[in-house]
């Protein structure tokens with residue numbers, strides 16, 4: 001039986017939604033420089049570094065153990081300042097049959113939602129992934145607000 005779950009979290013931001021969304025769209029690889037303790041590498045495969053629908057990224061990151069993932073931009077909505085990312089390969093798919101993350105930026109808030117289908121009933125919820133998303137969002141907001 002499928003073990004489908006969803007986790008959500010949000011955080012307030014001081015920087016503008018346009019600036020925050022624009023950083024993700026145009027400079028996502030710079031997050032590795034900003035969060036070297038967790039984000040080890042990000043390679044945008046094609047597209048010149050800018051995110052568009054269909055862009056594939058290869059991530060190496062650390063959540064207490066070293067992990068790798070290939071992530072595809074499934075949807076990008078300029079008007080609503082949102083991205084939907086789906087994991088297509090990597091360590092996370094050992095625990096989940098499917099894994100999707102959505103980032104929405106609006107009205108002074110950044111909202112992350114994770115949708116996942118556990119591979120088995122013993123697979124944990126992906127709380128560390130959500131915690132990292134919020135940590136990165138807060139740190140990026142501080143950087144954008146002060147620069």
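A short reminder: the numbers here are calculations on the coordinates, not readings from a lab. Quantities reported herein were computed from a predicted structural model and do not represent experimental measurements. Heads up, the Cβs are rebuilt from the backbone with ideal geometry, glycines too, and the neighbour counts pull from every protein chain shown.
Considering Cα pairs under 8 angstrom that are at least six residues apart, work out the relative contact order of the stretch 3-146 and quote it in whole percent.
Result for the stretch 3-146 is 29 percent.
Would you mind computing the Rg to Rh ratio of the chain from its alpha-carbon coordinates, Kirkwood style for Rh? Spell out each step's value before the answer.
Numbers: Rg = 14.7 Å, Rh = 15.5 Å.
We get a ratio of 0.94 for the chain.
Given R₀ = 25 Å, FRET efficiency for residue 122-residue 60 by Cβ-Cβ distance, to 0.05? Before the final figure, lay out each step's value.
Details: r = 26 Å, r/R0 = 1.02.
Efficiency, from the Cβ-Cβ distance: 0.45.
Suppose each label sits 7 Å from its Cα in the direction of the beta carbon; what would the residue 14-residue 75 distance come out to in nanometres?
For the pair residue 14/residue 75, the computed spacing is 3.3 nm.
Starting from the Cα of residue 40, step 7 Å toward the Cβ, then list every residue of the stretch 52-80 with an amide N under 20 Å from that point.
Backbone N within reach: 57-72.
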